Amino acid sequence: MKALVMGMAAITAISLAAPGAADVKAGYDAWGQGDYAKAVKEWLPLAEAGDADAQYNMGQAYRAGQGVPKDEDAATEWFRKAAEQGLPKAEDTYGRSLFQAGKRAEAMPWVQKSAARGEPRAQYILGTALFNGEFVTKDWVRAYALMTRAAASGLQPASNSLGQMNSYIPVEQRQKGLALAAELEKSDKAAALAAAEIDNKAKAAPIKTIATPKAAPKPKPVELAKAEPQVKPVAEQPEPKALPKPAPAKPAPKATLPVPQSGGAWRVQMGAFSEEGRAQSLWKSLSGKVSGLSGYQSFYVKGGPVTRLQAGPLASSADAEKLCRAIKAAGTDCIPKKM
């Protein structure tokens, strides 16, 4: 199984913290007018005195190279100071900065914190890590849920990765992931509101991207796309360093399946479901993927609150194992059962 490749632009963003103190507001206004040197002059004393908004904005100034020389290390240090004071924007940016700098293990706690607040780029990073089992325990259900949430925000690389996950994650785990994504959507909204209250101390709408107001004459543009550090995905092997793109899922093998035997004592079981309709849907899906499977009889065996999907009958355990291998190749777990 190949690892997911992480898109670079998906985790890069620039924004300013909402102005709080009067001098932070003065710097904020100067920045909007393209006077970056004045903005830095207003923010630096406040940042050195411990103002989290000013510290975050100094980080953005060093990252963009506006008003100060471009210095990614200095930017990351200012983001760290603001993040450690609990400024959500700074936590988000600091985690991504560490990740981009190759300090992925150090970045992961911050990424997890941002993802728990519903930040889409953090959900994308954490979803990729959970799928690959990098720096966190592999968890395909949660990976699918987080990637679903990130894709729902409009993050295109997350949509691409979600398509790749569909080629590897069994349908039952994907269904659990979708159910978890619905739960996360509710908590994401509540967390976003809480973060907005912290980020908007002065009740001023934050600037989404660094840009000059329409009234300002020909402001100096910020160009960061080419200068941003590249995020090199973590390979499962020491070499190569970059993660290869997952190969498309292989089609189910076309090997001849064992012949169904009337009265045979063996079946194969493909899962247990709380609703019979889900078992029927899986059977219909597998019948289209596994050549010859439709020639077997499907059984919906009820036991307590669940319905078990089985197929057969088969003459021997060897035949059941052979059929199971074909079903597993199509992405669904399967076990032989003697009746």
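What follows draws every value from the coordinates through simple rules; no lab data is involved. Computed from a prediction, not measured in an experiment: that's the story for all the values here. Don't worry about glycine lacking a Cβ; one is built from the backbone with ideal geometry, like all the others, and counts go over all protein chains shown.
The table that follows gives values for the structure above.
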item: Out-of-range pairs (alpha-carbon distance over 32 Å; input Lys138/Lys337; Lys186/Lys322; Lys138/Lys186; Lys70/Lys186); result: Lys186/Lys322; Lys70/Lys186
item: Cα-projected label distance for Ser316 with Glu276, points at 7 Å along beta-carbon direction, nm; result: 3.5 nm
item: Shape category assigned to region 266-338 from the gyration tensor of Cα positions, a/c cut at 1.5; result: oblate
item: Distance in nm between pseudo-label sites at Asp29 and Thr256 (7 Å out along the Cβ direction from Cα); result: 8.5 nm
item: Backbone HN-Hα couplings from phi across region 101-108 [Karplus 6.51/-1.76/1.60, Hz, Gly and Pro as x]; result: 7, x, 8, 6, 5, 5, 6, 4
item: Percent RCO, i.e. relative contact order, over region 266-338, from Cα pairs under 8 Å lying at least 6 residues apart; result: 45 percent
item: Cut-off under 5 Å, modelled amide H: who pairs with Lys337 long-range; result: Arg267, Val268, Gln269
item: Relative contact order of region 9-199, pairs being alpha-carbon contacts under 8 Å that are 6 or more residues apart, as %; result: 15 percent
item: At most 16 other Cβ within 10 Å, DSSP loop - GluC sites (Glu not before Pro), region 248-339; result: Glu275
item: Inter-probe distance in nm under a simple model that places probes 7 Å from Cα toward Cβ, at Ile335 and Glu84; result: 5.1 nm
item: Debye intensity ratio I(q)/I(0), log10, region 9-199, q values 0.17 Å⁻¹ (C-alpha model); result: -1.02
item: Within region 19-86, trypsin sites (Lys or Arg not before Pro) in DSSP loop having at most 15 other beta-carbon neighbours inside 10 Å; result: Lys70
item: Normalised per residue, the volume of the convex hull around the Cα set of region 59-121 (Å³); result: 75 Å³
item: Relative contact order (%) - region 35-76, alpha-carbon pairs under 8 angstrom, separation at least six; result: 36 percent
item: Additional length obtainable on full extension of the chain from Tyr168 to Lys38, 0.36 nm per residue less Cα span; result: 41.5 nm
item: Surrounding net charge for Ile335, when Lys and Arg each add one and Asp and Glu each subtract one, Cβ distance under 12 Å; result: +4
item: Angstrom value of the Kirkwood radius, inverse mean 1/r, which spans all Cα pairs in region 118-166; result: 10.0 Å
